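The values are calculated or read from the model by the stated rules, or taken from the named source; none is laboratory data. Note that this is a predicted model, so its numbers are computed, not measured. Glycine also receives a Cβ, built like all others from the backbone with ideal geometry; neighbour counts cover every protein chain displayed. Keep in mind that these areas ignore ligands, DNA and RNA; they rest on the heavy atoms of the full protein, side chains included. Shrake-Rupley method; radii C 1.70, N 1.55, O 1.52, S 1.80 Å.
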Amino acid sequence: MAERTIVITGASDGIGASAARTLARAGERVAVVGRSGEKTRAVAEEIGADYFVSDFADLTQVRTLAAQLKARYPRIDVLVNNAGGIMGKRELTVDGHEKTFQVNHLAPFLLTNELLDVLTASKATVINTSSAANAFGHVDIDDLDAAGKYSTNRAYGTAKLENILFTTELHHRFNADGISTAAFHPGGVATNFAAESTSWFRFAYKTFIKRFMLTPEQGSDTLVWLATTEPGQDWVSGAYYAKRALAKANKQAYDAGLAQQLWDRSEALGQPSRRTPWISSIASAERNSAISSPDSGSGWENR
């Protein structure tokens, strides 16, 4: 197989870093993306890969990342949208969006759309890291930023459900143009995921329970499988997987109308023009309030 270009976000740690190592050893050209410059550079140097630094809590940085990737790679064979995580108290980003929604869904949605010309020309595969937590999510299309009702765990589950809906609609809109896509659940992986959040999830990652969880290598198995096998032959584009098999998701994940609505709303919310002064002021005020709170920590970067 000829060397392919594979871009992995959230690749400075956890299953993203593990997948990057596995794919690099297999002879793939890997580009690692992370929020931490130090950690991302360390992984890149270890495997001889290119690296890019981008904070998904700032959509301007996501657009910059897309421009950098397009300038560097005329072809992208696989895009892995793996960055994400569970947050603390409700907090708005500089773009005026609830942070869980933006980091887990809106930013990877924007990155994928910014790269669509390269991805379609490359007949690429887009892999989205979801979670079984989608089961307790609920998408309110009129309140995507959870202004009306918020809980840390519900926001995360909803974002993981949105990952599946995004996968479904990406397939619907662009499979005929050559893009294949899948979402997957990595399993309960013993990483630093959720360690700094206010969610009860963090206890599983800090107690003896962690010893019964999957290693990052085990958690990245389905990701690597999707990246190295043939869509349409080994797996079904537009579907949700766990342990290399089709998996059952939240009933909202099968609502085609909701998937279309979410795409259209996300497209509108990702526009640069939405970053108006009054939204930025509110976001800044809420961020400052959250930062001063002792339980405002977030545990995002990668799975």
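Can you tell me how many residues within the stretch 1-47 are at pLDDT below 95 and closer than 20 Å to Q68 by Cα? First the steps, then the outcome.
So the first thing to find is which residues in the stretch 1-47 are at pLDDT below 95, and the list is 1-3, 13-14.
Going one step further and asking which of them are closer than 20 Å to Q68 by Cα, we end up with none.
Qualifying residue count, the stretch 1-47: 0.
Suppose we filter L79, L65, L115 for residues that are farther than 15 Å from L170 by Cα and not charged (D, E, K, R); which single one remains?
Details: L79 fails: farther than 15 Å from L170 by Cα; L115 fails: farther than 15 Å from L170 by Cα.
Exactly one of L79, L65, L115 is farther than 15 Å from L170 by Cα and not charged (D, E, K, R), namely L65.
Hey, can you tell me all the residues within the stretch 5-24 that are open to solvent by 10 Å² or more (accessible area, probe 1.4 Å), in contact with a strand residue (DSSP E or B) (Cβ under 8 Å, 6 or more places away or on another chain) and either part of a helix (DSSP H, G or I) or among the charged types (D, E, K, R) (or both)?
D13, A24
Is there any pair linking a residue in the stretch 58-82 that is within 26 Å of P186 (Cα to Cα) and modelled with pLDDT of 95 or more to one that is among the acidic types (D, E) and surrounded by fewer than 17 Cβ atoms within 10 Å (Cβ to Cβ), with Cβ under 8 Å and at least six apart or on different chains, and which?
Nothing qualifies.
Out of all the residues in the stretch 110-163, which are more than 24 Å from G88 (Cβ to Cβ), of a type in the set (G, A, S) and open to solvent by less than 10 Å² (accessible area, probe 1.4 Å)?
Within the stretch 110-163, S122, A124 meet the criteria.
Restricting to the stretch 25-41, name every residue that is in a strand (DSSP E or B) and either surrounded by fewer than 22 Cβ atoms within 10 Å (Cβ to Cβ) or touching a residue at least 40 places away in the same chain (Cβ under 8 Å) (or both).
R29, A31, V33, G34
Out of A2, A44, which single residue is free of Cβ contacts under 8 Å to residues at least 24 places away in the same chain, more than 23 Å from L161 (Cα to Cα) and out of contact with any strand residue (DSSP E or B) (no Cβ under 9 Å at 6 or more places or on another chain)?
A2
Restricting to helices (runs of 4 or more DSSP H) lying wholly in the stretch 59-147: which have 3 or more residues that are of a type outside the set (D, E, K, R) and farther than 17 Å from W263 by Cα?
59-72, 116-121
Collect the residues in the stretch 68-94 that are open to solvent by 10 Å² or more (accessible area, probe 1.4 Å) and β-branched (V, I, T), keeping them in residue-number order.
V94
Give the number of residues within the stretch 164-205 that are in contact with a strand residue (DSSP E or B) (Cβ under 8 Å, 6 or more places away or on another chain), modelled with pLDDT under 95 and open to solvent by 20 Å² or more (accessible area, probe 1.4 Å).
Residues flagged as in contact with a strand residue (DSSP E or B) (Cβ under 8 Å, 6 or more places away or on another chain), modelled with pLDDT under 95 and open to solvent by 20 Å² or more (accessible area, probe 1.4 Å) within the stretch 164-205 amount to 7.
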